[in-house]
Amino acid sequence: MKQGGPEMNNTTIHEELLREVNQIARSEHRTPDDVVNEAVQRLVRQRRREKLYAYGEQRAAELGLREEDVPRLIEETRNTERPE
C-alpha cells in the first residue's frame, strides 16, 4: 500500500447488503465507500476492544481477581502515597 493514499481493492458485497449501503449513503448524502469505510472502522475498533477485554479477563483470572474486588482495589490505589 502506498503511504498517504488508499489502496485499490475489490470486495464482494451481497446484493441485499449493497442495496442497504446505497440507501444509507443516499439518505445521508454520502458515498457508498464512505458508509462501508465507517462500518469497517467500527468493526475494527470493536474487535480491538474485545481483544483488550479478553486480555483483561485473562489477567484478572491469573491474578485471582473478581469483579467485586474492583472497588477495594481502586480505593487502595487512591490511598497509596504518590511520589512528588
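No value in this document is a laboratory result; all are computed from the given coordinates. None of these values were measured; they are calculated from a predicted model. Counting neighbours? That spans all protein chains shown, and the Cβs are built from the backbone with ideal geometry, glycine included.
Before moving on, here are some points about what is shown:
- With respect to the conditions (1) in a helix (DSSP H, G or I); (2) surrounded by 10 or more Cβ atoms within 10 Å (Cβ to Cβ); (3) among the charged types (D, E, K, R), Glu68 lacks only one, and its number is (2).
- Scanning the range 31-54 for residues that are charged (D, E, K, R), surrounded by fewer than 13 Cβ atoms within 10 Å (Cβ to Cβ) and either within 24 Å of Asn10 (Cα to Cα) or in contact with a helix residue (DSSP H, G or I) (Cβ under 8 Å, 6 or more places away or on another chain) (or both) yields Asp33, Arg42, Arg45, Arg47.
- Residue-level check: of (1) in a helix (DSSP H, G or I); (2) at positive phi, His29 misses just (1).
- Condition check for Thr77: within 22 Å of the chain's Cα centre (by Cα) and exposed (fewer than 10 other Cβ atoms within 10 Å of the Cβ): no
- Residue check for Glu62: surrounded by fewer than 10 Cβ atoms within 10 Å (Cβ to Cβ), part of a helix (DSSP H, G or I) and under 25 Å from the mean Cα position of the chain (by Cα): yes
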